[in-house]
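The values are calculated or read from the model by the stated rules, or taken from the named source; none is laboratory data. Values in this document were obtained by computation on a predicted structure and should not be read as measured data. Counting neighbours? That spans all protein chains shown, and the Cβs are built from the backbone with ideal geometry, glycine included. Just so you know, the surface numbers come from the protein's heavy atoms only, side chains and all, with ligands and any DNA or RNA stripped out. Shrake-Rupley method; radii C 1.70, N 1.55, O 1.52, S 1.80 Å.
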Amino acid sequence: NYDVKYYRLELEVDPSVRAIGGSVTSYFIVSGGDMTSMAFDLNHNGMIVDSVYYDESKITNYLLEDYELTINFSNPLPDESLDSITIFYHGIPEENGFGSFMQSTHNGSPIIWTLSEPYGARDWWPCKQSLNDKTDSVDIFITHPSGYKAASNGLLISETGLGGNIVTYWKHKHPITVYLIAFAVTNYEAYSD
């Protein structure tokens with residue numbers, strides 16, 4: 001009952017720890033009539049929803065069960081309206097598909113990476129996991145310890161110091177399905193050409 005237009009992922013990870021936290025903001029257009037509730041795919045095994053915000057107000061009427069986060073609105077959202085919602089969450093994702101969310105080492109250095117094909121995106125972030133509804137664009141902000149680099153979809157926009165961490169910002173401006181959204185953090189070398 002909605003068409004996803006944009007995702008903003010603000011993730012916090014440490015390659016030496018198998019866990020993730022952060023928030024996902026989804027912009028969407030209501031379709032098929034006024035909307036009283038909406039659902040996101042999210043694995044209820046290991047993932048915890050901390051809070052949900054709509055229109056700058058906290059929503060308490062939501063349920064994470066059977067791989068689905070259902071959010072109920074106190075007032076229906078009008079058909080064909082553009083709106084947004086933010087979900088704060090954290091947890092230890094399950095390993096499904098080709099790995100979904102993995103933490104390991106390579107040459108003695110920690111690495112954390114995702115590979116969500118075919119249906120593993122829901123294991124590590126709340127999303128609409130549908131091949132029929134590609135998002136138009138996505139911004140991915142990854143907060144990680146300094147000394148590591150983060151790779152993701154699109155173009156690298158910035159790497160900003162924040163205490164002992166770095167916030168790496170990637171921007172993808174083309175239609176993409178959620179299983180292709182990915183990141184990896186480790187002690188990468190950077191080369192410019």
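Got a number for residues in the range 99-115 being touching a residue at least 12 places away in the same chain (Cβ under 8 Å) and over 18 Å from the mean Cα position of the chain (by Cα)?
4
For the range 69-87, what are the residues that are open to solvent by 80 Å² or more (accessible area, probe 1.4 Å) and either at negative phi or in contact with a Leu (Cβ under 6 Å, 6 or more places away or on another chain) (or both)?
Across the range 69-87, the qualifying residues are Ser74, Asn75, Leu82.
Answer yes if at least one residue in the range 148-161 is modelled with pLDDT under 95 and open to solvent by less than 70 Å² (accessible area, probe 1.4 Å), and no otherwise.
no
Which of the following residues is modelled with pLDDT of 95 or more, closer than 21 Å to Ile140 by Cβ, open to solvent by less than 50 Å² (accessible area, probe 1.4 Å) and β-branched (Val, Ile, Thr): Val52, Val30, Val17?
Step by step, each of Val52, Val30, Val17 is checked, and only Val52 is modelled with pLDDT of 95 or more, closer than 21 Å to Ile140 by Cβ, open to solvent by less than 50 Å² (accessible area, probe 1.4 Å) and β-branched (Val, Ile, Thr).
Taking the stated definitions as given, is Glu117 farther than 14 Å from Tyr179 by Cα and either among the charged types (D, E, K, R) or modelled with pLDDT under 95 (or both)?
It is false that Glu117 is farther than 14 Å from Tyr179 by Cα and either among the charged types (D, E, K, R) or modelled with pLDDT under 95 (or both).
Suppose the filter is farther than 18 Å from Gly21 by Cβ and without any contact (Cβ under 8 Å) to a residue 40 or more places away in the chain; does Glu65 pass it?
Yes, satisfied.
Answer yes or no as to whether Glu65 is acidic (Asp, Glu) and in contact with a His (Cβ under 7 Å, 6 or more places away or on another chain).
yes
Scan the range 120-158 residue by residue and report those that are touching a strand residue (DSSP E or B) at 6+ places or on another chain (Cβ under 8 Å) and of a type in the set (Ser, Thr, Tyr).
Those that are touching a strand residue (DSSP E or B) at 6+ places or on another chain (Cβ under 8 Å) and of a type in the set (Ser, Thr, Tyr): Thr135, Ser137, Thr143, Ser146, Tyr148, Ser152, Ser158.
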